[in-house]
1. Can you compute log10 of I(q)/I(0) for the protein assembly as shown with the Debye formula, treating each Cα as one identical point scatterer, at q = 0.06, 0.12 Å⁻¹?
2. Pick out, from A:Gly49, B:Ala131, A:Ile14, the residue whose Cα sits farthest towards the positive end of the charge dipole of the protein assembly as shown, with +1 on the Cβ of Lys and Arg and -1 on the Cβ of Asp and Glu.
3. Let me see the pair-distance distribution of the range A:196-324: every alpha carbon pair, 5 Å bin width, integer percents in order.
4. With a 1.4 Å probe, how much accessible area is buried between chains B and A, both sides summed, in Å² to the nearest hundred?
5. Report the dimensions of the range B:163-310 along its three principal axes from the alpha-carbon atoms, largest first, rounded to Å.
6. Among A:Gln245, A:Ser101, A:Leu324, whose Cα projects farthest towards the positive end of the dipole of the protein assembly as shown, with charges put on the beta-carbon of Lys, Arg (+1) and Asp, Glu (-1)?
7. Give me the inter-chain shielding for B:172-181: mean count of other chain Cβ atoms within 10 Å, whole number please.
8. Given a 1.4 Å probe and every protein chain left where it sits, what share in percent of the accessible area of the protein assembly as shown is carbon and sulfur?
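The values are calculated or read from the model by the stated rules, or taken from the named source; none is laboratory data. Owing to the predicted nature of the structure, the values given are computational and were not obtained by experimental measurement. Heads up, the Cβs are rebuilt from the backbone with ideal geometry, glycines too, and the neighbour counts pull from every protein chain shown. The accessibility values were calculated without ligands, DNA or RNA, using every heavy atom of the protein model including side chains. Shrake-Rupley method; radii C 1.70, N 1.55, O 1.52, S 1.80 Å.
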Amino acid sequence: MAELTYRDAVIRGIAQEMERDPDVVFLGEDVAKAGGVFKATVGLFEQFGPLRVRDTPISEQAIMGAAMGAAMTGLKPIAEIMFSDFFAVCFDYIANEFPKSRYMSNGQLKCPLVVRTGNGAGSRFGAQHSQSVENWCMMIPGLKVVAPSSPRDVIGLLAAAVRDPDPVIFFEHKSLYATKGEVPDGEIVDQLGTAKILRPGTDATILALALMVPRALAAAEKLQAEHGINAEVVDVRSLVPLDTQTILGSVARTHRLFTVEENPRLCGWGAEIVSIVADEAFYDLDGPPVRITTPHIPLPAADNLEDIVLPTVDRIVETVRRSLGS
Amino acid sequence: MATAKDRAQASAGSGLNDDIGEAKRLELYRTQVVIREAEQRAFDLFLQNLVKGTSHLSLGQEAVAAGFAGAMKPGDLSFCTYRGHAHTLARGVSVEKVLGELMQRDNGLMRGKGGSMHLTSAEHGVMGSYAIIGAHLPIACGAAWRAQYKGAKDVSVCFFGDGTTNIGAFHEALNFAAVWKLPVIFVCENNLYMEYTPIGDVTAVPHPAGDRAASYGLERVIVDGNDADVVYRTAQAAFDKARAGGGPSLIECLTYRHSGHSRADPAKYRPEGELERWKERDPIKIYKERLKQFGIAENVINDIDTDVKRVVDDATEACKAAPVPPVDILTTDVYADGGWAWRN
Ligand SMILES: Cc1ncc(C[n+]2csc(CCOP(=O)(O)OP(=O)(O)O)c2C)c(N)n1
Ligand SMILES: [Mg+2]
């Protein structure tokens with residue numbers, strides 16, 4: 001057991017997989033010699049050398065396309081897109097190329113790659129460097145989408161993503177890079193498509209992802225302490241595949257559902273989950289499912305504005321308390 | 001090493017046993033005739049409403065496909081556009097499988113799941129046909145990166161049109177390939193038009209690929225894309241360079257499509273006489289003359305023509321008789337486990 005930052009967990013996760021499999025290669029802007037803009041790839045270039053850890057030009061389409069061509073023909077590339085907002089300039093690969101080649105070719109082509117990217121707000125970077133865009137990817141058949149919230153999950157889910165035979169979009173949260181957590185020694189390999197109940201409870205289910213997970217946990221403690229509400233917190237972790245069973249199971253016990261989403265409200269991941277629960281567990285519910293999201297606005301830069309726009313611990317507490325009528 | 005231009009210029013006037021030789025010439029001829037007949041048949045089947053969806057023919061551009069495929073070794077990889085039937089056939093994929101896919105039958109290359117614009121035959125090295133302009137240039141870079149990383153000797157070849165040189169992915173891929181010195185060959189088939197707009201109307205330089213080569217530190221290579229010998233020699237030089245670790249090439253092949261952009265296009269935008277002038281330089285006509293020049297007997301040529309017609313006729317009948325794809329393949333191969341499950 002060691003305490004590790006989320007940032008160092010990224011490094012350890014990539015290194016673990018590169019050590020295991022010489023076909024794992026890594027490319028991105030400023031990732032090699034400079035160690036990444038978030039310093040989340042420091043030391044990999046020194047450890048694995050210039051053939052496996054490669055700096056690219058500022059060419060997001062070339063990065064994505066090259067990863068795909070390498071994946072199709074036998075490598076297991078990890079590509080970094082510095083900020084997830086930049087998916088918009090290479091979205092063709094995310095929407096049309098990675099996820100469709102296997103299907104269109106009737107199974108002849110494969111695309112086993114991982115795209116890592118810095119997602120989410122909290123750095124006061126404004127509307128083009130702060131977005132949570134996991135829902136952009138979740139809607140596309142053929143992709144897998146994960147977003148870890150802890151250092152341990154970073155390593156385990158990254159390993160699972162690299163070993164997975166499908167294209168996986170791996171969202172790292174920029175505001176979590178400096179956070180710390182206990183990580184066991186030795187190899188860690190997790191499973192895609194599994195949610196985790198982080199805090200068992202009886203009165204309400206709170207689903208959260210990435211940066212919203214620590215906030216949901218803090219809110220649950222406050223709900224318990226100040227309002228006697230015992231909330232269950234589930235870290236969704238994997239949007240595709242989605243661990244619907246864990247979610248439905250939790251709702252069946254608590255009879256109330258809340259989602260805490262950093263993505264803007266329209267078509268956020270919680271909307272899909274709420275619709276699944278409405279379809280399949282309507283009679284388990286004692287009240288309407290409630291989505292706690294960022295509003296449908298671009299993100300502001302100013303710290304006081306950014307702080308209130310994302311779901312906060314207090315907003316979660318207030319929303320759950322009011323809904324439960326206590 | 002001879003440059004592409006040297007080799008291309010060396011073509012005229014060589015004897016029968018020149019660097020290309022009789023066997024290769026007959027192969028280049030046959031490939032062009034297969035493409036011509038299969039594409040013509042695709043057009044006829046479209047008129048009978050048996051080819052569904054869209055289709056983009058390479059009638060008139062056969063020499064580019066034949067010349068490059070003729071210079072490829074097994075294991076070399078082709079990356080095509082929606083106008084990819086020619087390159088797929090040139091790698092040896094059967095006419096039946098190609099027509100079957102165009103007719104969206106169960107005997108098609110991808111059993112109707114891809115369609116005319118996405119012909120793929122991994123076993124023949126046809127690593128997909130891509131319908132988003134420019135997308136496959138970076139993908140070809142990636143396949144070439146794998147070869148470089150693994151120390152493999154295969155080369156990736158990426159075919160695209162003149163219009164494709166104006167999209168960002170072209171620039172990204174060319175620079176990337178040059179900086180990483182990748183074994184990839186970019187082949188621009190300049191057929192003078194994007195869809196309906198002449199390429200000159202929308203491009204800052206006269207030669208959309210050739211005139212930009214210098215930006216990537218590459219040689220300006222512009223060749224007659226209607227002469228399979230020229231294309232073949234040019235291709236060989238680029239393959240030699242790539243296999244020797246010399247990095248990418250960008251080759252502009254001047255050619256012309258005899259039909260419209262896609263099946264729905266009557267190509268009314270072409271100035272009068274342009275098609276006729278280019279038909280005088282029909283690649284198959286040129287090559288037939290070439291064979292005769294080299295003393296190849298008329299009956300040998302005719303036998304190829306007859307045999308190819310029979311192959312295309314047989315394929316047509318097989319496709320007409322083939323069933324449509326079964327509904328159960330609708331949800332296969334979305335994910336690598338063979339299925340489409342996104343939740344438990
Ligand atoms: C990104 C993108 N933009 C536009 C189109 C529509 N489109 C299909 S083919 C084509 C023309 C391409 O011209 P060129 O590259 O010269 O190839 P050609 O069709 O002549 O072989 C266009 C604009 C597309 N498929 N993808
Ligand atoms: Mg064109």
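1. Log10 I(q)/I(0), no solvent term: -0.39, -1.19.
2. Working it through, the farthest residue towards the positive pole turns out to be A:Gly49.
3. Here the calculated profile for the range A:196-324 is 2, 12, 23, 25, 21, 11, 5, 2, 0.
4. Working: alone 15090 and 13140 Å², together 24240 Å².
Roughly 4000 Å².
5. Dimensions of the range B:163-310 along the principal axes of its Cα atoms: 50, 42, 25 Å.
6. Sorting the options by dipole projection puts first A:Ser101.
7. 5
8. C and S atoms contribute 54 percent here.
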